[in-house]
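Since the structure comes first, as structure tokens, the remarks are kept for the end.
The values are calculated or read from the model by the stated rules, or taken from the named source; none is laboratory data. What you are looking at is a predicted structure, and each value in this text was computed from that prediction instead of being measured. Neighbour counts run over all protein chains shown; Cβ positions are idealised from the backbone, glycine included.
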């Protein structure tokens, strides 16, 4: 790993990844506020100093006015491995655990850091729901094949246990909704 002049690093013109304007501005702001992060996650370049990983970070560093950047040279990769790295470095393999984020992190900080966080607007117009038959048809068309969620309430003394159990089954790639539905149906049949 090396700290070098930013002008020595070449953007990758063939990088298929980009950041839209508002997210790019957040990235620039993040770099200005926490430049130490760049040493922990250096820009990866090939032997020709072309970016393999961190193309948008390089652009944001230039926008932030940095004169030097941390790089990690991956100069032993084949051309095919370089192409593979470019894609794999940008693929999001994991998913966010929204329960943990919602309960243990500050929503405003997450948004400031660049994460798109859902927030309900204060003004919601529910008048569209007045015609129940029409809205049912519209909802069915809109949500065909889309996962839906139902909020399940827990007493405070049961929440931690419920959270841990649901997290466990999600980590097992289980379909928790179907498990709950099957259990509730079997209990209903006992009545």
*Grab the helices (runs of 4 or more DSSP H) fully contained in region 13-99, keeping just those with 3 or more residues being touching a strand residue (DSSP E or B) at 6+ places or on another chain (Cβ under 8 Å) and in the same structural domain as residue 172 (by TED's automatic domain parsing).*
none
_Tally of residues being surrounded by 13 or more Cβ atoms within 10 Å (Cβ to Cβ) and either within 19 Å of residue 17 (Cα to Cα) or out of contact with any helix residue (DSSP H, G or I) (no Cβ under 9 Å at 6 or more places or on another chain) (or both) across region 72-101_ = 11
*asked:* I'd like to know if region 136-143 contains one or more residues that are under 30 Å from residue 19 (Cα atoms), outside the structural domain of residue 33 (by TED's automatic domain parsing) and modelled with pLDDT under 80.
replied: yes
*Would you say residue 110 is modelled with pLDDT of 65 or more and either farther than 23 Å from residue 16 by Cβ or more than 24 Å from the chain's Cα centre (by Cα) (or both)?*
yes
*Can you spot a residue in region 84-103 that is at pLDDT 90 or above and within 23 Å of residue 28 (Cβ to Cβ)?*
no
